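Scroll down for the structure; my scribbles are underneath it.
Read-outs: derived from the displayed coordinates by stated rules, not from any lab. These figures come from a predicted structure and were not determined experimentally. Neighbour counts are summed over all protein chains in view; Cβ atoms, including those assigned to glycine, are modelled from backbone coordinates with ideal geometry.
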Amino acid sequence: MPDTSKMPPPPPFKAGGSIAPPPMKAPTGPAKDLNIDIPVIALTAKDFSSDQDVRWCPGCGDYSILAQVQRTMPDLHVSRHQTVFVAGIGCSSRFPYYMNTYGFHGIHGRAPAIASGVKAANPELNVWVATGDGDGLSIGGNHTLHLLRRNFNINVLLFNNRIYGLTKGQYSPTSEHGKKTKSTPYGSIDHPLNPVLFALGCEATFVARSIDRDPKHMQEVIKRAAAHHGTSFMEIYQNCNIFNDGAFLDLTEKDVKDDHLVVLTHGEPLIFGKNKDKAIVLEGFNPRVVNVADTTPDQIVRHDEKNPILASILAKMSDMEGFPTPIGIFLSVDRATYEDEMTDQIKTAREKSTGDLKKLLNSGNTWQVN
Ligand SMILES: Cc1ncc(C[n+]2csc(CCOP(=O)(O)OP(=O)(O)O)c2C)c(N)n1
Ligand code: SF4
Ligand SMILES: [Mg+2]
């Protein structure tokens, strides 16, 4: 991290909807040049909350996601002036307005491209993408794919409400087969996309899932995602109570959720159920649900975040009848980031270069315009 005490103060906050953060309260570290210690003021969730009116429908799951991100940010020890939230278009993509950091409300589906540009231009920045199932997987699917395979050190929060919320309830790539919406009055005949499987297929190095109604779990996953060096992809099941209410009821209602969810914890056995009496075993590559009482502990699958094959098997389970939906970190592996390799390449090229830019620009076919 650069010495923030040497940086100029951020620009003043501009009224009229631009998303510039207000001036910092205080430097975040010792002022080395002045040889004095300025006390570090710990930021709180409130410091990450902007002065913009939140314009989501009352009861929307987006509120919980915003609250968990704002609560987690102080624990990440990042400066607001070095943090950028980039979004496309959608209810979820209004996210940057509500974060008291830098932000970019881009065009539909292009948040990954914009975020990649931000990171490439200044690798020191802490870059986040907020996107929806439509924005990130429909019009922006191609861009999400390339972000994930390139492995920029960027965090992607994909709000999955299985609907286009902002445009008032059309089906999305994650809407289930047969779903009746305004644009599928006879039921969707599209096969739904599983975002976690998609991210694994793109060879993302960090892939996770959480739920709007489980704040503690979401905060833990956000922290792990932020700590990951490489692109982190986090699918968050989010209830759109206006156009797709109850899409995740099985996974959020107190009396049934434990039978429908399995929480992934590295090194821990996959046991679930209200009475912790069910478990996942593997027969070859096929998962099976068994009663804990009918099996031995060594037969029960232990989660391994480093195993991409296991991650894919577990990701598929959420589409399979009779299987619990996994939440948690499916995969977390290391691979060089795009910006690290890019920086190395530029450095090497500069060291070897004997070039003269002025000479180059004036060489070959040049014209004088009179
Ligand atoms: C180029 C372009 N095409 C279509 C639209 C219309 N549009 C705006 S948001 C949206 C879908 C957003 O869905 P999602 O990403 O799931 O966000 P949500 O509102 O559900 O959070 C669409 C199709 C647009 N703004 N720009
Ligand atoms: S339309 Fe749905 S997703 Fe959009 S703000 Fe309202 S409840 Fe949330
Ligand atoms: Mg959506």
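Mind checking which residues of the range 119-164 are in contact with a strand residue (DSSP E or B) (Cβ under 6 Å, 6 or more places away or on another chain), within 13 Å of ligand 1 (Cβ to nearest atom) and part of a loop (DSSP other than H, G, I, E, B)?
Matches in the range 119-164: N161, R162, I163.
Mind checking which residues of the range 233-247 are surrounded by 22 or more Cβ atoms within 10 Å (Cβ to Cβ) and either under 23 Å from E203 (Cβ atoms) or more than 12 Å from ligand 1 (Cβ to nearest atom) (or both)?
If the condition is that a residue be surrounded by 22 or more Cβ atoms within 10 Å (Cβ to Cβ) and either under 23 Å from E203 (Cβ atoms) or more than 12 Å from ligand 1 (Cβ to nearest atom) (or both), then F233, M234, E235, I236, Y237 are the ones that fit.
Among what's in the range 40-76 and is loosely packed, with under 13 Cβ neighbours inside 10 Å and touching a Ser or Thr at 6+ places or on another chain (Cβ under 9 Å), pick the residue that is farthest from N241 (Cα to Cα).
It comes out as V40.
What are the residues in the range 70-98 that are among the hydrophobic types (A, V, I, L, M, F, W, C) and away from ligand 2 (no atom under 16 Å from the Cβ), if any?
Correct list: M73, L76, V78, V84, F85, V86.
Which of the residues belonging to the range 277-306 are in contact with a helix residue (DSSP H, G or I) (Cβ under 9 Å, 6 or more places away or on another chain) and in a loop (DSSP other than H, G, I, E, B)?
Across the range 277-306, the qualifying residues are D277, F285, V301, H303, D304, E305.
Is there a residue being more than 16 Å from ligand 3 (Cβ to nearest atom) and closer than 14 Å to Q68 by Cβ anywhere in the range 163-177?
For the range 163-177, residues more than 16 Å from ligand 3 (Cβ to nearest atom) and closer than 14 Å to Q68 by Cβ: absent.
Residue check: is A115 touching a Leu at 6+ places or on another chain (Cβ under 9 Å), touching a residue at least 12 places away in the same chain (Cβ under 8 Å), within 16 Å of ligand 1 (Cβ to nearest atom) and among the hydrophobic types (A, V, I, L, M, F, W, C)?
Yes.
Determine whether A204 is in contact with a Phe, Trp or Tyr (Cβ under 8 Å, 6 or more places away or on another chain), part of a loop (DSSP other than H, G, I, E, B) and within 16 Å of ligand 2 (Cβ to nearest atom).
Values: in contact with a Phe, Trp or Tyr (Cβ under 8 Å, 6 or more places away or on another chain): yes; part of a loop (DSSP other than H, G, I, E, B): yes; within 16 Å of ligand 2 (Cβ to nearest atom): no.
Here the answer is no, as A204 does not meet what is asked.
Which residue pairs have Cβ atoms under 6 Å apart, sit 6 or more places apart or on different chains, and have a first residue in the range 120-140 that is in contact (Cβ under 8 Å) with a residue 24 or more places away in the chain and within 15 Å of ligand 2 (Cβ to nearest atom) and a second that is assigned to a helix (DSSP H, G or I) and among the β-branched types (V, I, T)?
Every condition considered, the pairs that remain are G136/T144.
When you scan the range 84-111, how many residues do you find that are within 16 Å of ligand 3 (Cβ to nearest atom) and assigned to a helix (DSSP H, G or I)?
5
Which members of the range 219-260 meet the condition of being in contact with a strand residue (DSSP E or B) (Cβ under 6 Å, 6 or more places away or on another chain) and part of a strand (DSSP E or B)?
Within the range 219-260, S232, F233, M234, E235, I236, Y237 meet the criteria.
Would you mention how many residues in the range 80-112 are within 14 Å of ligand 1 (Cβ to nearest atom), within 22 Å of D53 (Cβ to Cβ) and among the basic types (K, R)?
1
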